[in-house]
Amino acid sequence: MKKYNVSKNMIIAIILTIIVVVLITVSALQRDRKNETSLFQAVTNDLVATLDKGLSYPIRAIEKSVHLVGDVFGTYEENTQLKKRLDSYAETQVENNLLKKENKELREQLTLGATLTTQAKVNANVISRSPDNWQDILIIDRGEVDGLEVNMPVMGAKGLIGRVISVNKTSSKVELLTSTNQNSNYFPAMITTSKGDDVFGLLEDYDEATNLFIIKQLNATEGVKKGDKVITSGLGSTAPKGLVIGTVEKIESTNFGLEKEVYVKPATSLYDISIVTVVKRMAGSGE
């Protein structure tokens, strides 16, 4: 039965093919005989056009699908290339910003170095700063071979940030003025008033709530105003005179008004530090 159906379909296909060929031949002969289109020729043309349309439709559909798939793959490849270019651009931007930041810090250190004309100094990179003691300690890449010693003052981009507390051969540990260690903040300080008078005190503390240094044990407060410059006094052996600490932010009374404290805004950031300057001086000198 199956063979019979196959043979029948083949016979029908052959007959249709013969009919189409005959129709095309007759149509051609009729067209050669006269210019006008006969009814038979018109019917033949319509039949051939219909058959052509029916046969060509799936082919066009396949071609369209192939083009669509090609467009999808082309778009995917283009998006992949664009993503790579965007990622590369983002990396370049990050590197560029880091270089700009480093360049700015180097210029600031050069400017600072120009003001420290009477002291020997050495620049250093911050190589470690633990999140657990971020406001207390940082490690720099200079040590004994560079002439560093314990208690040497350390400067940031624009002002004093701390002191060296331990020295190894090629690295040192710096304790910041923001440290919770009460003994680390002791720097003799001097406030220069707008009238030209000098007021002396001791930088003893740091207020985390306001991010301000606190100067206590003042010999006077008369004439001290907001904006007055605060520097190291050079008294004792902790730091030479003239290192910038910051500016007066406010004055507050303590101990029932019997004493006063001066709050100082740091001259430089103590949080974003990558390059520092260590001021070298002989231990025990009183410059």
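Read-outs throughout are calculated quantities, based only on the coordinates presented, and are distinct from any laboratory measurement. Just so you know, these numbers come straight off a predicted model, no measurement behind them. Here the Cβ positions follow ideal geometry from the backbone for every residue, glycine too, while neighbour counts run over all protein chains shown.
In summary, the convex hull built on the alpha carbon positions of the stretch 120-280 has an orientation-averaged projected area of 9.2 nm².
Using a cut-off of 29 Å between Cα atoms, the listed pairs 195/241; 169/229; 173/195 include 169/229; 173/195 as exceeding that distance. What is the gain in length, in nm to one decimal, between residue 83 and residue 209 on full extension, counting 0.36 nm per residue of separation less the C-alpha to C-alpha distance? 40.9 nm is the gain from fully extending residue 83 to residue 209. Please identify the chymotrypsin sites (Phe, Trp or Tyr not before Pro) of the stretch 176-233 that satisfy two criteria: DSSP loop assignment and at most 15 other Cβ atoms within 10 Å. Which are they? Answer by residue number: 186.
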